[in-house]
Amino acid sequence: MKVSGGLFSSLRSPVVYLFILFTAIAFLIPIFVRTPYILFILYLCYIYVVQAENWNLIGGFAGQISLGHAAFFGIGCYTTAMMWIAGYPPILGIVLGGLLAAGFAVFLFPTFRLRGTYFAIGTLFLAAALQGFLLNWKFVGAGEGLYLPVPKEFLIEPFYYMALVLALASTVTCYMIAKSGVGLTFKAISEDDFAAASIGVGITRYKVLALVISAFFFGLSGGVYGHYQAFIDAYSIFGIYWGVTGLFMAIIGGTGTVVGPILGTFLLTIISEYLAKLGEIRLLVYSVAVIIVIRFAPEGIWGIITKKVRPRLKTYIEKSKPLK
Amino acid sequence: MKSRISLPKSITSRLKLAVSIIVIAAICLSFYYYLGLRGELGNLPPILVSGILVGGLYGLVAVGVSIILGVMRVINLCHGELLVLGGFFTFWAVNFGLDPFLAMPIAFIILFVLGLALQSFIINPLLKYGLNPPVLVTFGVALAFQNIMLLLWTPDVRIIHTAISDINLQISGISIPMTRVVALLIALVLAYLTRLFLVKTFFGKALRAISQNSEVALLMGIDTSRVNIFCYGLGAGLAAVAGSLIGIVFSFSPVIGGPYMHKAFAVVVLGGMGNVIGAVVGGIILGVSETFASWLLGGGYTNAVAYLIFILVLIIKPTGIFAK
């Protein structure tokens, strides 16, 4: 009999029930909240959740630090925009963007010749090179950017639900991967890829798998983001901001966990929205937060909760039980 | 016995060297012939000269990155921002009434101290967690510095004016700005001093020992954390001088750090990490190929050269072209 492991082993954990509860609340929010601003912030949050979860897949579980995920985001964003301008329904563009990003990731397998920190630079260069390419490509508007055919009636609700479903899908995917043998293989690669290779793990195949899944969801998130914009340009879409948000949120929440990135996303977004009146300091807030978290708690906030708070809670509960 | 083993090795290495020299010569000759057909041979010397002059600066930026990478195996992603910060300090000292070439040592000392602080408080305690946390924390520091500089000092482009800024040298019809020559000289002298420091002094010996194997160096009684701190300070100080020279020769703003850092990484990969002479030669190779590319293809593709060199070197010879 299998005692631990398996997909539904942690159904007894309160975290899963909390997650289902919050999901239900998230689906009901647009019925009660009519403020477009709050819905927009939540929509952005869900996009960040997609990015944090999927950066976490390659950076947290598989341990390959990527600094160039803006490339996949940008591919999704530009594909959606071009399809929309060409007259196709944007949903088609979003799906195609995800598939294109995943296809692009498949062709990146030579980058996994680069180990550790060289992989980080390689991906950083990749996003920069793609940005430079798009800034010179006349077909996609080059440096002037693209104006999208935005209709007059433009409600936030459909986008809210789109982003929410995407966030949910990526979280569930991450959870299933984390619970399966593939997740275990990713962890083995992140601990020591030479050792993993020596016991017969095809490390390049698994690294590419992690990259392809995360690139697919990044492409979709780019599509959902681009669909709500009236104007996109390669400077901002392929810029440093979209390359680091997922990364920073995953690290602050706790890499290598499923709950951590979600926690990090909401925490960072709330903090930066509170500080928004001081000016455009979102990146400053993120970067200072990430320095503090890496310096004092390398396992992130969820790591602190599971390692420090939960055992104390358990002992407290056990102590407060009446003796039989 | 020794000669029997080493003889084939030296023969193959000489063969490789000969083949590569022949290939490079063939490329140069065909290029020369092509230019002769186009009747543009007169453009060759100025391009070569300006490439070499720019390349010296790239080399100086790369020397700092190379030392830090060689000793700690940590890619210093905030090197570009340290460079800009050094440029700012020199800029203010010049506004204060100081000569720019006297202000540079001051910028060097300030950034040296800042580097010591960064390394001892933020990066050093993280080295025990593996390679990813220190790299990510330098990335956080980079974004924090960049955003602080943007907030405090606006994204305006600044130029450091010197007494020799308006002087042009005329050598056989080629007009060379005096500042570039002086900058190249300063860069070469500093690189040479760094090399002397690494080769001649006891501290430099310890530094090289750590770069070969930090654990064994620790066992031999070298205080690796102290050497790391000093080494990071040295790298930051060199970045400050390089930033000041960039401010004198070109211009600087808080956002230029990234591209210079990218170029420095390409140079380091080209020259091999921890190799000062390799960094300078690699910088000059990058400078010359960049000016050639911008002349042949137009200005939009200058940055692509660095990415191309990075990818090619990592695929063909990942240890750098000057590795033994």
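A short reminder: the numbers here are calculations on the coordinates, not readings from a lab. Everything numeric in this text was worked out from a predicted model, so none of it was measured. Cβ coordinates were reconstructed from backbone atoms using ideal geometry, including for glycine residues, and neighbour counts include every protein chain displayed.
Overview of values
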| read-out | value |
| --- | --- |
| Alpha-carbon Debye profile of region A:122-189, log10 I(q)/I(0) at 0.17 Å⁻¹ | -0.93 |
| From the C-alpha gyration tensor of the protein assembly as shown, square roots of 5λ in Å | 44, 30, 26 |
| Between 0 and 90°, nearest 10: helix A:310-320 axis offset from chain A longest Cα axis | 40 |
| Mean Cβ count within 10 Å, highest first, over the residues of peptides A:60-72, A:278-290, B:80-92, A:151-163 | A:60-72, B:80-92, A:278-290, A:151-163 |
| Whole-Å distance, taken between Cα centres, linking region A:244-316 and region B:91-146 | 25 |
| Most to least packed among A:122-128, B:264-270 [average Cβ atoms within 10 Å] | B:264-270, A:122-128 |
| Peptide B:306-317, shielding by other chains (average Cβ, 10 Å cutoff) | 3 |
| Cα-based helix-to-principal-axis angle, A:282-296 vs chain A, degrees rounded to 10 | 30 |
| Peptide-level mean, for A:285-297, of C-beta atoms on other protein chains within 10 Å | 5 |
| Set A:LYS187/B:LYS317; A:LYS187/A:LYS307; A:LYS307/B:LYS128; A:LYS179/A:LYS307; B:LYS16/B:LYS317 screened for pairs whose C-alpha atoms are more than 23 Å apart | A:LYS187/B:LYS317 |
| For region B:236-253, Karplus couplings with θ = phi - 60° (6.51, -1.76, 1.60), whole Hz, Gly/Pro x | 5, x, 4, 4, 4, 5, 4, x, 4, 5, 5, x, 7, 7, 10, 7, 9, 8 |
| Average other protein chain Cβ within 10 Å of Cβ, residues B:126-137 | 6 |
| Packing rank of B:276-284, A:25-33, where each peptide gets the mean count of other beta carbons within 10 Å, highest leading | B:276-284, A:25-33 |
| Relative contact order for chain A, counting Cα pairs under 8 Å that sit 6 or more residues apart, in percent | 29 |
| Rh (Kirkwood; distinct C-alpha pairs) - chain B, Å | 20.8 |
| Kirkwood hydrodynamic radius (C-alpha pairs) into Stokes-Einstein, region A:239-324, 20 °C and 1.002 mPa s, D in µm²/s | 151 |
| Histogram of C-alpha separations across region A:39-87, 5 Å bin width, % | 5, 17, 18, 21, 19, 12, 5, 2, 0 |
| Helical contribution to [θ] at 222 nm, DSSP H n ≥ 4, -39,500 (n - 2.57), averaged over the protein assembly as shown, rounded to 500 | -24000 deg cm²/dmol |
| Cβ-defined net charge surrounding B:SER251, 14 Å radius [Lys, Arg +1; Asp, Glu -1] | +1 |
| Whole-number percent relative contact order across chain B, with pairs defined as alpha carbons under 8 Å at least 6 apart | 34 |
| B:ARG208/B:ILE277 FRET efficiency (R0 22 Å; Cβ-Cβ; nearest 0.05) | 0.95 |
| Long-range HN-HN contacts of A:PHE231 with modeled amide H, under 5 Å | A:LEU148 |
| Residue-by-residue Karplus 3J(HN,Hα) for region B:265-275, coefficients 6.51, -1.76, 1.60, Hz, glycine and proline x | 5, 4, 5, 5, 4, 5, x, x, 6, x, 10 |
